[in-house]
Each structure stands twice: as C-alpha cells, then as structure tokens.
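Down below is the structure, laid out as structure tokens.
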Amino acid sequence: MIDTSRRLTFTTAAGLLLHDVRLATADELDDFDRQRLFGAEPSSPTLARCRCGWTRKADDLITVAGIHLQRDPGLPVHHVGGHSAIGSRSRNADSYGSAVDDTTGIAAFAVADGIGNQPDAAKAAAVAVTTALPAALEAPDNPAVVGMLAARDALQCHDLVYDGDTVMVLAVSRPAVPGRGITWDLAWTGDCEGWLLDDNELTPLTFPHTKGQALRESGYPESVAARHDNVVLTTVGTADPATLGTSTVTTDRGRLALTSDGVGKALTHSELHETLSEITDPRECAEFLVGFGVDRPRADNATALVIDTHRR
C-alpha cells in the first residue's frame, strides 16, 4: 500500500520550493474533490498532486512523481492555489482543475460553474474541466478553443446539456520563446472570469457573456442591466467557435486569476487588485478571494484559481 504521508520535493539552489508532490488516495478526498478530479470517470485508487498544477493517477506514483521532478529545468513552473466554497446554496456546482505536460511545458487551468439548480449541474462542471484540460495539452493549435470544444462534446455525450450544462474559463500557458515571455491563451463561456496582474496593473482577460452585459453595451441603464447579469448567453454544452470568447496575452511573470461569478461579482476591481497584489501565496490568495465571495447574504458558490509563473 502506498504511504500517502510521503512528499517528494524539488528546491532550487536559491531556496525556492519549485515542486512539492503529495500522494493521496481517493478515499481521502471529499465528494467535491473526488468529482472535480475524476469527472465522469471512476475514481483512481491513488493520485499525486504538485503545487505546480501537475496531477497524475497511476499505480506506481513514486516513480511517476520522480520523473516529474526531473523534468527539463528550462521549462516554466507555475505555482497554483485553488479553493471553492458552497456559499448559501444547497450544493456546490463549481469545479476547477489543472494539468501540466512535463515534455512540452504546456499547462492548462480551468474554472467551471454549473448552471443554476439543474440536477446535473455539478457533474457537468466537473466533466467539462476534466475533459478540457487534457484536450488542451494535446492540441497542436488554439489549445483553449480545442479544450472548450472537447468539453462541449463530452457534455453532449453524457447527456449533460439540458439537465446540466455549465459555463467555464480555460487558460493555457505556452513556454516562452526567445525574446518573449509566457503566452496565455484563454477561451470562455458565460460569466466565469480571467484576470492578469502584471507590473501592478490588473487587466481583465474576459468579459461576461450575459444578458446584462449585452444590455449595457446597447445603452441600457445599469439599474436595468444589473437585473439580467445572472442570465448567461453562452455555455459549454452549446459552445460554438463563432461565439466563444477568446483572448491571448504574453507576460514574463504575471499572476493569473480565474474565478467563478461567485467571486467576480462579489469583489470590486480595486478589491480584487488589492488581494492579488498583497497576498503572495497563491493558495492563501485563492482562499481569501473565495472567503470574500461567500461572506454575504444569499452567497453563490465561489471558486478561484491563482497561478504564479516561475522561470529559472
């Protein structure tokens, strides 16, 4: 039996804990984590997770984790913090996840928000995330779009569109090329959000696909538009390349944040900027963002992924 108390770590000469692999069994996971990590697949008996976003489900995890620590030192490493909370809802229909390719250095991150109180909303969010991540890693071009469309196909295959469905933001990083930094490709549906903090400037990388936002852009007053912010116009289950939101940005060491609307609608731009700027540990930052999101009456599910980039 695997000793799940074991950790495998890699620390740089400068003292930076670059990788921290922890081993776990499926029995140690709560229902939320089990669903978000495995989606529609049967739970694996053991898995390994690293602070860089790398995860693996395998029998010989010690060997697999050791190979991960020996990856090309020239590839960028992300340090990732994720957190989710149920708020005042009866179930948590959000999901999030990450995946890393140790050969190419490509990494993918996603946050999904199951729609409303539909019976399979939580499952739809988990299936979308667990399908989109590996598809994005394998895509030769347009990885975020490919991942989103793979998630759409999976929801349709599992009949999770009409009794489930979800919105999602997917971000894929590509290693630096000479003279340029890390390139992030994003694709999204609905009101999940992506933000980049770079040189102390916070930039939105997404905009809401909601009826409320459409009304604002058509000139309606805020008092009218705000009443329709909970109506999404695009979803994963009905995703179309023509209506997907997409964006691309290049940065050296910027911090990326992905959130569900339970965080994005709860914080002002200045509050989000202050939190992302001042809380250096990505996990603590994600926990604070989510705590802010659920600390209000009738709070929605709230989820945040905070991703820092380290280049050696």
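Charge dipole (Cα centre; +1 on Lys/Arg Cβ, -1 on Asp/Glu Cβ; no other charges) of segment 83-310 amounts to roughly 400 debye. Residues with beta-carbon under 15 Å from that of Val146, excluding Val146: net charge, scoring Lys, Arg +1 and Asp, Glu -1? Computed value for this residue: -4. Of the residues Val77, Gly254, Leu47, the one whose Cα sits farthest towards the positive end of the charge dipole of the chain is Val77 (charges of +1 on Lys and Arg Cβ, -1 on Asp and Glu Cβ, taken about the Cα centre). Each Lys or Arg adds one and each Asp or Glu takes one away; over the other residues whose Cβ falls under 15 Å from the Cβ of Asp199, this sums to -2.
Any chance you could give the angle, 0 to 90 degrees and rounded to 10, that helix 269-278 forms with the longest Cα principal axis of the chain? Approximately 10 degrees, to the nearest ten. Remark: segment 73-166 is approximated by an ellipsoid whose semi-axes, taken from the C-alpha gyration tensor as √(5λ), come to 26, 17, 7 Å, largest first.
Could you please report the charge total around Ser90, scoring K, R as +1 and D, E as -1 over all other residues with beta-carbon less than 13 angstrom from its beta-carbon?
Counting the neighbours of Ser90, the net charge comes to +2.
The long axis of helix 282-294 is offset from the longest Cα principal axis of the chain by roughly 30 degrees. Whole-Hz Karplus values for segment 152-158 come out as 4, 4, 5, 5, 5, 5, 8 Hz, taken residue by residue from phi with 6.51 cos²θ - 1.76 cosθ + 1.60 and θ = phi - 60°; glycine and proline positions read x.
Here the simple spin-label model places points 7 Å from the Cα toward Cβ, and for Lys57 and Asp33 these points are separated by 1.5 nm.
Working from Cα pairs under 8 Å separated by at least six residues, relative contact order for segment 149-256 is 35 percent.
Sorted fewest first by neighbouring Cβ atoms within 10 angstrom, Val232, Val249, Val127 come out as Val249, Val232, Val127. Across the chain, counting alpha-carbon atoms alone, Rg and Dmax equal 18.6, 63 Å. Between segment 225-299 and segment 94-162, the alpha-carbon centres lie 17 Å apart. Within the listed set Leu18, Leu215, Leu289, the residue fluctuating most in the Gaussian network model of the chain (springs between alpha-carbon atoms under 10 angstrom) is Leu215. Between 0 and 90 degrees, the angle of helix 121-138 with respect to the longest Cα principal axis of the chain falls at about 50 degrees.
Per-residue 3J(HN,Hα) values for segment 242-256, derived from phi via the Karplus relation 6.51 cos²θ - 1.76 cosθ + 1.60 with θ = phi - 60°, read 6, 10, 5, x, 9, 7, 9, 8, 10, 8, 7, 9, x, 9, 9 Hz in sequence order (x marks Gly and Pro). Name the lysines eligible as straight-distance cross-link partners of Lys211: C-alpha to C-alpha under 20 Å, and not fewer than 8 places from it in the same chain. Filter leaves Lys265. Packing, as the average of other Cβ atoms within 10 Å across residues, places the peptides 239-246, 94-101 in the order 94-101, 239-246, highest first. Taking every alpha-carbon pair under 8 Å whose residues sit at least 6 apart, the chain reaches a relative contact order of 19 percent.
Each reported figure results from applying straightforward, stated rules to the coordinates on display, with no laboratory input. These numbers come from a predicted model, not from an experiment. All Cβ positions, glycine included, derive from the backbone under ideal geometry; neighbour counts span all protein chains shown.
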